[in-house]
Amino acid sequence: MKQALVARFAGVLGVTGVTGVTGVLGMLWTASCTGSGGSPPRVLAEHTLLHVEQHTDTTGDVLRLVPETGARINAQLVPALELRDTVLYFGGDSLTADGAYFAAPPTLQLSRSMSSIHGTLRASVCPAAQRVCVIIELPVSVGL
Amino acid sequence: MRASHVVLVVGIIGAAMLSRQGDARATLLPRDDVRGPAPAWRNDTWLNSSSPITLESLKGRVVLLNFWTYACYNCTNTVPALTALDAKYRSRGLSLLGMHTPEYPPHGGEHDTTNVRKALTRQQITYPNAMDNDRATWRLYGIRYWPSLVLIDKQGRIRHEGYGEVHVGDRWYADWERRIEQLLAE
């Protein structure tokens, strides 16, 4: 979590304009989530373009994909957690006006019947400034 | 907080910023005047073409390869620019070829020829497109980003490589037009 906050802080310091505003909003968003009564989110995996958080509250465990400053998560290829024998998909209702990207971090509600999860997160992420998309694959282990 | 801690935090932040800037510079700039021979692709499945198209068969024409997938918004935003280049330069010796390269494994749907065919119709793409489902041609050309463009001259040499969304009338479009016209004139 400390590393994630440092990375986010670095993002805010390192950019200006729209991306800077996005970074500040991201920090505020994180602050609002951690203040909702559940335990603080745990960062499960990190990449320069996004990180994976685990939130636990009364409804159970939720994974949340948080893009780093200037990155956008492709909504046309829904982020997926590939397990050994199945694929779990992230979702989110809030999309950008063109329907291309998630406007808020997509989430994945984990089943209470699961004791632990080991898989690969796959997400298509598009750094806005570079006008490209890249594929991100991250090993993710979730203890429930 | 002790002074050593402050120095450490500032160092970490500085390193992160430099690392990000370094990545962008190293990987995203277009490469001009590349002179290496273009590797021959071996894609079997082609859409908008009655038979597989080989690099050898295109000798004497300028070739523009577009690595894309219909599920990438930057890629589909680039299609109008590509169709405009195709319309303007095909008769003058340009062969525009799409290399449809999935981002996801098959569960994402991009490997399905039916889905790609629908995307071609939706986007009014009439130039040939190869299915690069195993990413063989993607790897052969060392591509890392969607969308990417590779320009090959009449002798079969790679001359320009570039990445990112292009729109009719923007400066990247003007750059590609200039490069294409230069190679057509050689």
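The values are calculated or read from the model by the stated rules, or taken from the named source; none is laboratory data. Since the model is a prediction, treat every value here as computed from it, not as a measurement. All Cβ positions, even for glycine, are placed from backbone atoms using ideal geometry, and neighbour counts span all protein chains on display. Just so you know, the surface numbers come from the protein's heavy atoms only, side chains and all, with ligands and any DNA or RNA stripped out. Shrake-Rupley method; radii C 1.70, N 1.55, O 1.52, S 1.80 Å.
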*Exactly one of (1) surrounded by fewer than 20 Cβ atoms within 10 Å (Cβ to Cβ); (2) touching a residue at least 24 places away in the same chain (Cβ under 8 Å); (3) more than 12 Å from B:Thr78 (Cα to Cα) is unmet by B:Ala174. Its number?*
(2)
*Give the residue, chosen from B:Leu85, B:Leu65, B:Leu140, that is within 18 Å of B:Ala40 (Cα to Cα), of a type outside the set (Ser, Thr, Tyr), open to solvent by less than 50 Å² (accessible area, probe 1.4 Å) and touching a residue at least 40 places away in the same chain (Cβ under 8 Å).*
B:Leu65
_Every residue in the stretch A:60-85 that is open to solvent by 40 Å² or more (accessible area, probe 1.4 Å) and in contact with a Gly (Cβ under 9 Å, 6 or more places away or on another chain), please._
A:Pro67, A:Gln76, A:Val78, A:Arg84
*Among the residues of the stretch B:68-89, is any among the β-branched types (Val, Ile, Thr), assigned to a loop (DSSP other than H, G, I, E, B) and within 14 Å of chain A (Cβ to nearest Cβ)?*
yes
*Which ones in the stretch A:89-144 are closer than 19 Å to B:Tyr70 by Cα, open to solvent by 50 Å² or more (accessible area, probe 1.4 Å) and at the interface with chain B (Cβ under 10 Å from one of its Cβ atoms)?*
A:Asp98, A:Gln130
*Among the residues of the stretch B:114-135, count how many are more than 14 Å from chain A (Cβ to nearest Cβ), touching a residue at least 24 places away in the same chain (Cβ under 8 Å) and open to solvent by 40 Å² or more (accessible area, probe 1.4 Å).*
4
*Filter the stretch B:96-105 down to residues that are assigned to a loop (DSSP other than H, G, I, E, B) and buried (at least 16 other Cβ atoms within 10 Å of the Cβ) and give me whichever is farthest from the chain's Cα centre (by Cα).*
B:Tyr104
*In the stretch B:107-139, what count of residues is obtained for those that are within 13 Å of the chain's Cα centre (by Cα) and in a helix (DSSP H, G or I)?*
3
_I'd like to verify a number: residues in the stretch B:156-171 that are surrounded by 14 or more Cβ atoms within 10 Å (Cβ to Cβ) and within 14 Å of chain A (Cβ to nearest Cβ), how many?_
7
*Out of B:Gly109, B:Gly93, B:Gly36, sole residue that is within 14 Å of chain A (Cβ to nearest Cβ) and either open to solvent by 10 Å² or more (accessible area, probe 1.4 Å) or touching a residue at least 60 places away in the same chain (Cβ under 8 Å) (or both)*: B:Gly109
